[in-house]
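Notes follow once the structure below has been shown.
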Amino acid sequence: MATKVFARANTALITGGASGVGYAVAHLCLKHGMKVAIVDNNAANLAKAKTELKSADVETYSVDVSKLEQWTELKSKVDKQLGGRIDLLMLNAGVSGKADWGDAAYFRTVLDTNLYGVINGLTTFVPVMQAQSQDKPSAIVITGSKQGITNPPGNPAYNASKAAVKTLAEHLSYDLRDTPTSVHLLVPGWTYTGLTRAAGANEKPAGAWWPSQVAEFLYEKMAKGSFYAICPDNDVDEKTDKKRMMWAQGDIVFDRQPCSRWRSEYKEENAKWMKENEF
């Protein structure tokens, strides 16, 4: 059972851990008596997290996950301060933002953090986790997005980064299939986080989940041994998510134009399909 990693004295390292879903998972880890390394590049959020959590089992690290050299420094600090062993690695840091096709900086910024932040974390700590004692389970959680699966128009860099992260997580799960390290892809639904507030929501919308609900859902899925932890929210249930994902794959299978769900010529067909099909 993957949730055995949530055990007293085990160590969790969480990127993007000073707010939102990462912070909620840090709370979950502390409830189970774990030591937690919170990694973030927002100094104010790091300081707030350290103050609010008020635990000797919490260490905070200021890291830009897009910079490989900072991961090397982080590994050295974790070795010295937390004994080196990582039982739960959560690669959760992410950014969003929108721009047009002429803005190279937009693509670079989003992909550097959302994709290379994950790659840097994996190349730094997967060898560490494989080299440590294999007498107890460990786990890796990578945060994806529904946008990396259903690919809605409007944010190509973000969607591409999350689609790539999904592929990486799937490969990693296969490659570690015969080891004590389980791999899980966390896909939050609509969640009230800093990204939501940055988009203009100063209060939690009724349709959104709290980050703590996402953390609890992840724990439940890990307890079942699931790789995919695809969260619903208060507006979109699991059945609707499955239909949307199946429709998106159908663009390839049935030779439709891409992003067909949002194209006017497929509007009636999509509405009929969503109504008639059940999963």
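Every read-out reported here was derived from the displayed coordinates using simple, explicitly stated rules and does not represent laboratory data. Predicted, not measured: the structure shown is a model, and the values here were computed from it. Virtual Cβ from ideal backbone geometry, glycine too; neighbours counted across all protein chains shown.
The figures follow:
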| read-out | value |
| --- | --- |
| Binned Cα-Cα distances of the stretch 2-235, short to long, each 5 Å bin given as a whole percent | 1, 7, 15, 20, 22, 18, 11, 5, 2, 0, 0 |
| Within the chain: Cβ-based charge dipole about Cα centre, in debye rounded to nearest 20 (Lys, Arg +1; Asp, Glu -1) | 420 debye |
| Cα centroid separation - the stretch 1-59 against the stretch 145-163, whole Å | 27 Å |
| Nearest 10 degrees, 0 to 90: helix 43-53 Cα axis against the chain principal axis | 70 degrees |
| Equivalent ellipsoid, the stretch 119-246 (semi-axes from 5 times Cα gyration tensor eigenvalues, Å) | 28, 16, 15 |
| Binned Cα-Cα distances of the stretch 174-213, short to long, each 10 Å bin given as a whole percent | 25, 34, 17, 19, 4 |
| Protection proxy ranking, peptides 106-112, 213-219, 126-132, 267-273, average beta carbon neighbours within 10 Å, highest first | 213-219, 106-112, 126-132, 267-273 |
| Kirkwood hydrodynamic radius over Cα pairs of the stretch 237-279, then Stokes diffusion coefficient at 37 °C and 0.692 mPa s, in µm²/s | 313 µm²/s |
| Length added when fully stretched, E216-N202, from 0.36 nm per residue minus Cα-Cα | 2.7 nm |
| Whole-Hz couplings from phi, Karplus 6.51/-1.76/1.60, listed for the stretch 158-169; x for Gly and Pro | 4, 4, 5, 5, 6, 5, 5, 4, 4, 4, 4, 5 |
| Among I86, A201, M274 the positive-end extreme of the charge dipole of the chain (Cβ point charges) | I86 |
| Euclidean distance between Cα centres, the stretch 114-133 to the stretch 263-279, Å | 41 Å |
| Degrees, to the nearest 10: 116-131 long Cα axis against longest axis of the chain | 50 degrees |
